[in-house]
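Okay, so here's the structure we're looking at.
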Amino acid sequence: DRLIVGLEKKGGTSLLSPKQVEVVAYHEAGHAICGALIPDYDQVQKISIIPRSNGAGGLTFFSPQESRLESGMYSKQYLESQLVVALGGRLAEELIYGEDLVTTGASNDLDQVANIAKRMVKEWGMSDKVGRIVLSSPGLGGPFLGRELGLRQRSIFGQKLLRLVDSEVERLVNNAYVKAKTILTDNLELLHHLASTLVENEVVTADEFQMMVLMFNAKVVDYKLLGEERNREKLPFQ
């Protein structure tokens, strides 16, 4: 939807420096490769590094399954895959340029991942440790009502449960990070090739991308939910 993704800016990548173009190319390549190689996720439709009117440096378009669009319902596996895909851009930048040179675009991905993970645990009952309870819900009212409910939550559910919620959110984010890093590390040649093609052509179509995946013999990772470990020692951030 053009209103959501923003319009392409006139001038394309000429608005960016060569280094910026390269960074955006690796970032979008990371999203696309994780999306293609993580189980139960939408198909990559197009990858573009043309800047957009909403401030995005580029965009990877995914084509959702009709059944998901019609029902608006998403499985736990799909949401965990979404966490991995959202972190793919950050991981690509980190692998190529190092943690110190990761851009603010990657920071925005972290915010998105944290929000999804929080909703999985607090709204959708997708944590066996926390249980099938709703600890928060969107649209409950303004900031004063929200603050009052927050205080009441602490008294009703207790600090122990709320700490468990934080732990589960951290686990989901950390494990998605490790999974995304594994996918991109195992497919580094594909990452380089896709990024260089984007730098040269600005856009890669679905068919072109599928040919690259076949050319580099990239394999979808095992179909399983994320593990129970926190993996703190494997992350450059907390």
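Things to note:
- Bridging of Lys219 to aspartates and glutamates at a Cα separation below 15 Å is possible for Asp40, Asp186, Glu189, once same-chain residues fewer than 8 apart are set aside.
- Site pair Arg119 and Asp166 shows an inter-label distance of 2.3 nm when each label is modelled 7 Å from Cα along Cα→Cβ.
- Shown here for the range 171-238: chymotrypsin sites (Phe, Trp or Tyr not before Pro) in loop regions (DSSP other than H, G, I, E, B) with at most 13 other Cβ atoms within 10 Å, namely Tyr223, Phe237.
- Accessible carbon and sulfur surface of the range 154-238 relative to its total accessible area, %, 1.4 Å: 53 percent
- If you sort Met120, Met73 by accessible surface, 1.4 Å probe, largest first, the order is Met73, Met120.
- Eligible lysines near Lys129 by straight Cα distance, threshold 30 Å, same-chain separation 8 or greater: Lys76, Lys118, Lys160, Lys179, Lys181, Lys224, Lys234
The values are calculated or read from the model by the stated rules, or taken from the named source; none is laboratory data. Only a predicted model underlies this, so the values are computations on that prediction, with no experimental measurement involved. Here the Cβ is made from the backbone with ideal geometry for all residues, glycine too, and neighbour counts use every protein chain on show. The accessibility values were calculated without ligands, DNA or RNA, using every heavy atom of the protein model including side chains. Shrake-Rupley method; radii C 1.70, N 1.55, O 1.52, S 1.80 Å.
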